[in-house]
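Notes for the one structure printed next.
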Amino acid sequence: MGISRATFLKGLFSAFGAGGGRIFAAPPGWKPPNDPRLVFGAVSDTHLRTSANGKGPSRNWPDKYLVAAFKYFRDQNVDAVVNCGDMAHRGQVLEQEFHAAAWQKVFPDNRAPDGHVVEKLFVNGNHDVEGGDYGDFVKRAFPDPEERARRVLATDMAGNWQRIWGEPYEPVWHKVVKGYHFFGRHYGVPEMETARVIRAKARECGLLEGKDPFFILSHIRPHSQLNKALNPFKKAVGFFGHWHRSAANWGNIFFWSSFPTIEIPSCEPRGCSGTKPEGSRAKSDPEGRDAMCRGRQGYVVRVYDDMLAISRREFGKGGSLGADWVMPLGVYTPHPLSKDELKKRIGEPQFRADARISVVEAASPPPPDRPDQPGRPALRVSIPLADANPESRVYAYDVVVVGSDRGTKLFKCVYAAGANLGVGHEPHGGVTSLYVPKTQLPKGARLTIAVRPITSLGTAGHAIACVYDRAAKVASAD
């Protein structure tokens, strides 16, 4: 055809936009020579449940992932642990007591094995406060009003919090850990009350001076009123939960205010869900959501003299979710956690030189909610793991299918298998399967199938391709 393979593949993906360049330069202190000044773990939305009668733990919602997270934090020698709420799934006293029991298993008397105190930085969420109403579960389990009142946290939130956690319940609390300031906002507290407390302490503690960060914790994300009130606080770093979205996605860092607000993923037994990658040609959610696997995730945050580093972790099978999010301190224009800067950091995922696409005829699997439904005739496109650039973990694949009859095209996007799990724990060796129904395939005796790896921020690596002969049912490398 008189056109090179590289030019051909570039043309296939012209509709996707250009991939990001690898122009990141490590900031000063990227590999810190000293130990961190502060280390804390962070989880959210653990949603432990009682059994059907409300009198014991549910075997289907065990505390094993929460305990695994606490143990990992202990092994990282943390100074504190953040929990951004929704501990009690149905607002029951017993459900929050499950968390206290898990805490005592790992941090008895609030202490690490070497004896240092591990500070609890906990806030409640909507399920802790309102959970007794969800599905009328508590009403059915405990029809007697007096007994039901004793079972519900919100009946006496202050008293229950004091008894369970051994500390006063303050709607907006302020704690200092190793010289670093934390503010916690319990669910339902008015935003301007939160702003009032933070402003008062900022003046009292000099939080607008120097370069040290301070931290604002809540269950739900700050809204416009609070964002506007806190706009001058450029050294703040916010953490929130509630959405259950995977930290494998670099898009979980937000800038509603002048400072980054970072979503903490879910560590509940059911796991967290994926979020659509940026920069994809696909107009709807990517396929293969189930193949991502639901990870039980959290963070370890380390604060150094000149930078803050956030390690993303999976607590089911274990392992890192990829490169750390790093914020050099005192460098906020542009902000180092802004998406443009992160794209420089994340680079481009790449296939290995010997990577090949496999294509066979197969029936597509039934939908998860209809397991008895028969599959449809399809082509199964098996995509090898794009792991040639360890710094840039693949999150999804853009796929283009081109028919030999007038070059008709089909665009698809599929999540990378095991993207929510730790590196090295991907199922099937990281091979991702995309089922393309035959009814959707472009016309032509031959199909050119090209696959490009992308990150959650849309930076893209080089494509690989194959040609599938529909009559011979054979795929050959392009």
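For segment 249-267, the set of residues classified as within 24 Å of residue 396 (Cα to Cα) and touching a helix residue (DSSP H, G or I) at 6+ places or on another chain (Cβ under 8 Å) consists of 250, 251, 253, 262, 263, 265, 267, listed by residue number. Within segment 397-408, the set of residues being touching a residue at least 40 places away in the same chain (Cβ under 8 Å) and either closer than 19 Å to residue 378 by Cβ or of a type in the set (Lys, Arg) (or both) comprises 397, 398, 399, 400, 401, 402, 403. With respect to the conditions (1) touching a residue at least 60 places away in the same chain (Cβ under 8 Å); (2) surrounded by fewer than 22 Cβ atoms within 10 Å (Cβ to Cβ), residue 458 lacks only one, and its number is (2).
Residues that are touching a strand residue (DSSP E or B) at 6+ places or on another chain (Cβ under 9 Å) and free of Cβ contacts under 8 Å to residues at least 12 places away in the same chain within segment 328-360 are absent altogether.
Filtered by the rule that a residue be out of contact with any strand residue (DSSP E or B) (no Cβ under 8 Å at 6 or more places or on another chain) and among the basic types (Lys, Arg), segment 432-478 gives no residues.
Please go through segment 421-443 and give me each residue that is buried (at least 16 other Cβ atoms within 10 Å of the Cβ) and either of a type in the set (D, E, K, R) or not in a strand (DSSP E or B) (or both), ordered by number. Answer for segment 421-443, where residues must be buried (at least 16 other Cβ atoms within 10 Å of the Cβ) and either of a type in the set (D, E, K, R) or not in a strand (DSSP E or B) (or both): 421, 422, 423, 425, 426, 430, 431, 441, 442.
Checking each residue in segment 120-163 for being over 32 Å from the mean Cα position of the chain (by Cα) and small (Gly, Ala, Ser) picks out 141, 149, 159.
Taking the residues in segment 444-478 that are among the basic types (Lys, Arg) and assigned to a strand (DSSP E or B) as candidates, determine which candidate is nearest to the chain's Cα centre (by Cα).
Kept after step one, since they are among the basic types (Lys, Arg), are these residues of segment 444-478: 446, 452, 470, 473.
Filter again for assigned to a strand (DSSP E or B), leaving 446, 452.
Details: 446: 40, 452: 23 Å.
That would be 452.
Hey, could you check segment 351-378 for residues that are assigned to a strand (DSSP E or B) and in contact with a helix residue (DSSP H, G or I) (Cβ under 7 Å, 6 or more places away or on another chain) and say which is surrounded by the fewest Cβ atoms within 10 Å (Cβ to Cβ)? So the residue we want is 377.
Read the figures in this text as sums done on the coordinates, not as results from a lab. Nothing here was measured: the structure is a model prediction, and the numbers come from that model. Here the Cβ is made from the backbone with ideal geometry for all residues, glycine too, and neighbour counts use every protein chain on show.
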